[in-house]
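> Structure provided below as structure tokens; questions to follow.
Nothing in this text is a laboratory measurement; each read-out follows from the coordinates by a stated rule. Not measured: the values here are computed from a predicted model. Cβ sites come from the backbone with ideal geometry, for glycine too, and all protein chains shown count toward neighbours.
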Amino acid sequence: MVETILSLQFQPLQEFSLVHVGLLWHKFRHTFPLIEERTPLDATRETFEAPSPRHEEATIEGKPPLPRVCFLNESKTELIQIQADRFIHNWRKTGKISTPYPRYERIRTNFRHEVWEFQEFLTDERLGKVAIDQCEITYVNHIEPSEAWHEHGQIEGVLRTWAAQQRSFLPEPEDGSIQQRFVIRNDSSGPLGRLHVSLTPAWKEEDQSPIFVLTLTARGSPLDKGINGAFDFFDLGREWIVKGFLDLTTADMHRAWGEH
């Protein structure tokens with residue numbers, strides 16, 4: 001595991017400004033003393049209706065969009081990301097510092113506290129309440145070579161959904177990537193969201209050895225109203241990610257990781 005991300009998307013806070021970002025930083029700077037600016041993320045929503053024809057419309061912006069601002073801890077292994085319609089917490093493994101994965105439960109607890117602090121700040125500044133419309137949990141894994149695979153073309157050694165085919169002319173592929181989507185459902189209702197899976201070839205920075213980056217993202221609407229419903233979706237999404245990871249990866253990979 002190299003990164004875990006919990007993200008809330010909500011209706012844009014119309015009066016939220018860079019001044020408010022600075023004030024908000026004072027609430028978090030004891031834990032996140034560093035600050036960076038990045039390009040804002042586009043809104044994303046899981047829908048299940050048939051796609052409608054796309055219409056291009058000209059829009060007039062009243063003011064430029066706010067940047068996405070990141071508050072980082074000293075080691076840059078954890079950060080909060082804020083923009084007018086997003087509040088995100090990342091844990092990530094960095095090349096310089098080897099820190100053990102803190103487990104989902106700890107990340108969830110910290111993020112829940114941060115979300116309540118954010119909402120308290122919005123209330124104090126009379127900016128309204130977050131109207132959450134999408135929740136997103138992402139796990140990023142680096143899969144290193146083992147007895148199951150050695151070259152990027154050997155995807156069948158990593159994922160069960162990719163089977164090696166007999167070819168009469170073509171050699172083994174040089175590399176390849178996979179993207180899949182699975183609808184998240186329960187027994188008593190319709191679709192709750194989707195699990196997005198991607199596998200892409202990459203190279204380790206330290207020694208340029210081959211790795212696969214396996215990313216699993218569960219995204220959907222809160223399971224109930226308010227912040228509690230959002231965190232209920234995080235728990236469901238995490239269950240789908242963990243069980244989906246085991247379902248997708250091969251028995252050879254499980255043996256390489258010491259699974260049974």
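> Between helix 18-28 and the chain, what is the angle of the helix's C-alpha long axis to the longest principal axis, kept within 0 to 90° and rounded to the nearest 10?
Helix 18-28 sits at roughly 70 degrees to that axis.
> Let me ask another. With +1 on each Lys and Arg Cβ and -1 on each Asp and Glu Cβ, and nothing else charged, work out how big the dipole of the stretch 70-154 is about its Cα centre, in Debye to the nearest 20.
Roughly 160 debye for the stretch 70-154.
> From the phi angles alone, apply the Karplus equation (6.51, -1.76, 1.60; θ = phi - 60°) to the stretch 247-258 and give each ³J(HN,Hα) in whole Hz, x where the residue is Gly or Pro.
5, 7, 7, 7, 4, 4, 5, 4, 5, 5, 8, x
> Considering only DSSP states other than H, G, I, E and B, which GluC sites (Glu not before Pro) in the stretch 115-204 qualify as loop sites with at most 16 other Cβ atoms within 10 Å?
Answer in residue order: E125, E147, E151, E174.
> Let me confirm the definition first: pairs of Lys residues in the chain, 8 or more apart or on different chains, C-alpha distance under 20 Å. How many are there?
Here the count comes out as 8.
> Per-residue counts of other Cβ atoms within 10 Å, averaged by peptide: what ranking do you get for 34-45, 67-78, 15-26, highest first?
The peptides rank, most packed first, as 67-78, 15-26, 34-45.
> Stick to Cα atoms and the Kirkwood definition of Rh, then tell me Rg/Rh for the stretch 136-260.
Rg/Rh: 1.05.
> Determine the calculated [θ] at 222 nm for the chain from helices alone, applying -39500 (n - 2.57) to every DSSP H run no shorter than 4 residues and normalising by the residue count; nearest 500 deg cm²/dmol.
So the helix-based figure for the chain works out to -7500 deg cm²/dmol.
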